[in-house]
Each structure stands twice: as structure tokens, then as C-alpha cells.
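Okay, so here's the structure we're looking at.
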Amino acid sequence: MSKKFLLCFHDFSVWNYQSVVPVLESLKDLAGRPFSVLVIPSTEGADESAVAGFRSALAQLKADGFELALHGFKHKAEFSQGRSYMGLVGMNLTGGEAEFAGLSQYESTRLLQSGLDAWNELLPGLAPSAFVPPTWYSNKFLPGQVRAARLAYEDRFSVTTAVGRRYASPVVSFAGIPKSFEKLALAFGGLMLKVPVGLPRIALHPCDFPRLSEQVRDLIRAALNENRKLVHYNEL
């Protein structure tokens, strides 16, 4: 069985699409094919021209072969009476970005549906290929709710397809870690790409560019040099 890896660009939104699209195109040229882009669908507070431009950019990415996945709703948490203590801890650790952390069943359902509704406003008729909760913090109800929506689901340590096949999936990411830990993250990324089992992920964020551009490109080259095949969620 051939070795595979996922290249996932997180946090693509109405607020950054103009600066991020050139980065995606550059990485596509290096990787040899388009990859997975995780979309924050909420456009609340954006003006009509920005929303129109965002919608056009998404349609063009899809036409160019990029895979589009749903990445929460706003990527910023709302107040919820149903959030558990551990969910509040996750919120604190992520600066309020872990919007699904520790939610009750009702609140998790409501927020997932809000994300799907916002997605459908942007891309009517096109289902997302996967759902990835912001910062990977979740709740015990969310994986089943995503499966019921017939989407692949990703957590911090694994990827589960829409039909329930689970892959162990280590991930390297630089977002949210101190700069002093970046070299360690790079070393871990290089190591995980050498291990012949599992489905390693390279998770990129807008804040990685341009500061870590060369390091990111080195990781992608390392994956390709290990004869790993770049795949999409919907190819698993």
C-alpha cells in the first residue's frame, strides 16, 4: 500500500482570502497538485463586495482542483450555557477559538448546522468534503453528528472517513505554539513523514506566512522525497 499524506491549509476566510490565494497557488506548484483548504464560512461583519469576492475565490479554488472542507462556523466561540468545564479550559488555552469545545449535544448540533448553513450560502449545491473543528477541540457528540451529515471528521490524532474508516494521523502545526518550540515541531514533522505507517498531516495556517515559508516548503519536499502521495479527504 502506498504511503500517503494530507496537506491542509486552515482558516481560509472572507477576511484573508486575497492574501492567502497566492500562497495556495505557490504551494500547489511545489506539491504537484491542489490540496485541502479548510474554510471558515461565517461572513458576519463583512461588506457585500468582500463576500462576493470570497465566494468567487472559493468557486475558483474548486474549479482549480482544491478540496474544500468546513472549518467550524466563526472560529470564535459564542457564549454557551452548555459548555463543560473542560470545554472552558480548551477555550482558555486557545484564546476563545475552540468554538466546539465541551458543548452540549443541543449546542453542538446548533453550531454545526450554523456552519453548514453559512457554507451553503457561499457554495450552494456543493457539500464540504470534511469537517474539522477549530483547534481540534471538540465534544463527545460532534464526531457522530458529523458522521450523520456524511462528512469525514478530523481530530488532533486521527481522521475518520464518512463511512467510519479511521486513520491514525499525527499532525505538525505551528499555529499557537511558542516560537521556541518551532524547531521541535519541524523535527517532529520530519520524523512523522519517515514513519511508514499512519496518515501524517501538515496543517498550515495564514500566520505561518511569510515567516515560515521556507520551513513549510521543506516539510512538503520531505514528504514528497519519502515517496508519499498527497491525498484529499475524499480519496481516503
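The values are calculated or read from the model by the stated rules, or taken from the named source; none is laboratory data. What you see is a predicted model, and the numbers here were worked out from it, not measured in a lab. Note that each Cβ is placed from the backbone with ideal geometry, even for glycine, and that neighbours are counted across all protein chains shown. Accessible surface is based on the protein model in full, side chains and every heavy atom, while ligands, DNA and RNA are left aside. Shrake-Rupley method; radii C 1.70, N 1.55, O 1.52, S 1.80 Å.
Identify all residues within segment 200-212 that are touching a residue at least 12 places away in the same chain (Cβ under 8 Å) and more than 15 Å from the chain's Cα centre (by Cα); write none if there are none. Give the derivation first.
Step one: of segment 200-212, the residues touching a residue at least 12 places away in the same chain (Cβ under 8 Å) are 200-209, 212.
Result: 209, 212.
So in segment 179-210, with the set limited to residues that are modelled with pLDDT of 95 or more and in a loop (DSSP other than H, G, I, E, B), which one is surrounded by the most Cβ atoms within 10 Å (Cβ to Cβ)? Checked segment 179-210; the qualifying residue surrounded by the most Cβ atoms within 10 Å (Cβ to Cβ) is 200. Only a single criterion out of (1) among the basic types (Lys, Arg); (2) out of contact with any helix residue (DSSP H, G or I) (no Cβ under 8 Å at 6 or more places or on another chain); (3) open to solvent by 80 Å² or more (accessible area, probe 1.4 Å) is not satisfied by residue 221, namely (2). Residue 49 falls short of the stated requirement of being closer than 25 Å to residue 233 by Cα and either surrounded by 20 or more Cβ atoms within 10 Å (Cβ to Cβ) or at pLDDT 95 or above (or both). Within segment 11-27, the only residue that satisfies the criterion of being open to solvent by less than 30 Å² (accessible area, probe 1.4 Å), of a type in the set (Phe, Trp, Tyr) and not in a helix (DSSP H, G or I) is 12. Only residues that are surrounded by 14 or more Cβ atoms within 10 Å (Cβ to Cβ) and in a loop (DSSP other than H, G, I, E, B) were counted across segment 55-70, and they come to 1.
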